[in-house]
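What follows is a short report on a single structure.
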Amino acid sequence: MNFQNLTIFQKWNPLHWSWEVWDPRFWIKPVRSQGANSKLTLGEISLVLAVLILVSLILFIPAINIFVGAFADGWEPFVDTLRSREFLHAAGLTLQIALVVVPLNVVFGIITAWALARHHHFPGRTLLLSLIDLPFSISPVVAGLMLVLLYGRQGWFGPTLESLGIRIMFAFPAMAIATAFVSMPFVAREVLPVLEEIGREQEEAAKTLGANDWQTFWRVTLPSIRYSLLYGIVLTNARAMGEFGAVAVVSGNLIGRTQSLPLYVEEMHNQYQTQSSYSAAVVLACLAAITLIAKAFLERKTGRVGGH
């Protein structure tokens, strides 16, 4: 079948479809493949318009509204919000959580990815792969509730920790644990395919030349996975700074004590301080924009398209 000669009626009429029509490439075939002077069909124009409308409704318009609300009264209210004690504490606490969580997940991700890539047959490998993906399948709110059931006053370990004077829930440790859980898979999932692709030939050659395990890792393995590792770090940091659900459950959302930046946005909105809420949201939006720029740069370096 010659797809370029299909009419619009043939393309949309099921009576004229063959098995080739069910190939997704038929529907997303680039326009350039049809020739430089070819015209867009009605179906293609409709799909493009539908995508633009959808993206505008769920992304562009809300983002523009945040910036408009933040600067509706000028720069002074925006700057005053950024100078407020509550905002500075929330931003500082968010930064502290990221500084703790990101290195932990980097170490965990590298070790896990290396174990899975270099040892294909060990007991529990499939279970470990499933555990890595667990945060993707569990709601962050449920993850926070699990921590409450474990470390809360009536939880499994709560009474023992309380007797030792160790406070986990409604404090920084619980917020860090919850954030570490939801951001756990990114580094491991980004590094694992690269380790499997490069194989172990270079590592074995380095050991043959007398390099020990640390020298092999720093001079052979790490340079090979550096961009994928940075990609995972960017995603982990973005999730750590923007996490809301799990942190909201385990923190208590105490202003000036256990309130992260996303929780600050929600609290200001609930108190009808919309300008402060918008201003903090602008900061988070700028962090997201920086993350997207870094993500796009690393995708080009690793040869990925859309993170795959």
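Tabulated data
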quantity	calculated
Of the trypsin sites (Lys or Arg not before Pro) in the range 153-192, those whose Cβ has at most 15 other Cβ within 10 Å and which sit in DSSP loop	153, 167
Inter-centroid distance (Cα atoms) of the range 50-114 relative to the range 184-252, Å	24
Dipole of the chain [Lys/Arg +1, Asp/Glu -1 at C-beta], most positive-end residue of 294, 165, 251	294
Where 218, 156, 114, 75 fall by accessible area, highest first, once all protein chains stay in place (1.4 Å)	156, 75, 218, 114
Surface accessible to a 1.4 Å probe, per residue, for the residues of the chain, Å²	61
10 Å beta-carbon shell around residue 113, net charge (K/R +1, D/E -1)	0
Rounded to the nearest 10 Å², the accessible area of residue 198 at probe 1.4 Å	60
Counted charge near residue 159, where neighbours are those whose Cβ lies closer than 13 Å (Asp, Glu -1; Lys, Arg +1)	+1
Computed magnitude of the charge dipole of the chain (debye, nearest 20; Cβ of K, R +1, Cβ of D, E -1)	480
Per-selection Rg to Rh, the range 123-238 - Cα, Kirkwood hydrodynamic radius	1.12
Nearby aspartates and glutamates by direct alpha-carbon distance to residue 301 (threshold 17 angstrom, same-chain neighbours under 8 apart not counted)	190, 197
Student exercise, the range 87-243 dipole from Lys, Arg, Asp, Glu Cβ charges, in Debye to nearest 20	220
Accessible-area value, residue 184, 1.4 Å probe, nucleic acids and ligands omitted, Å²	40
The chain: C-alpha gyration tensor shape, a/c 1.5 cut-off, then a/b vs b/c	oblate
Cα gyration tensor shape for the range 223-290, rounded if a/c is under 1.5, else prolate or oblate	oblate
Accessible heavy-atom area order of 251, 224, highest first, probe of 1.4 Å	224, 251
Probe 1.4 Å, all protein chains present, accessible-area order of 170, 186, largest first	170, 186
Residue 239 accessible area, assembled protein chains, probe 1.4 Å, Å²	60
Of all accessible heavy-atom area on the chain, the percent that carbon and sulfur account for (1.4 Å)	67
222 nm mean residue ellipticity, helices alone, for the chain (DSSP H n ≥ 4; -39,500 (n - 2.57); rounded to 500)	-21000 deg cm²/dmol
Of the DSSP H helices in the chain, those whose Cα atoms cover at least 30 Å axially and whose Kyte score averages -0.5 or more	85-118, 274-302
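The values are calculated or read from the model by the stated rules, or taken from the named source; none is laboratory data. Quick caveat, the model's predicted, so the values are computed rather than measured. Please note: Cβ atoms are built from the backbone with ideal geometry, for glycine as well, and neighbour counts cover all protein chains shown. Heavy atoms of the whole protein, side chains included, go into the accessibility calculation; ligands, DNA and RNA do not. Shrake-Rupley method; radii C 1.70, N 1.55, O 1.52, S 1.80 Å.
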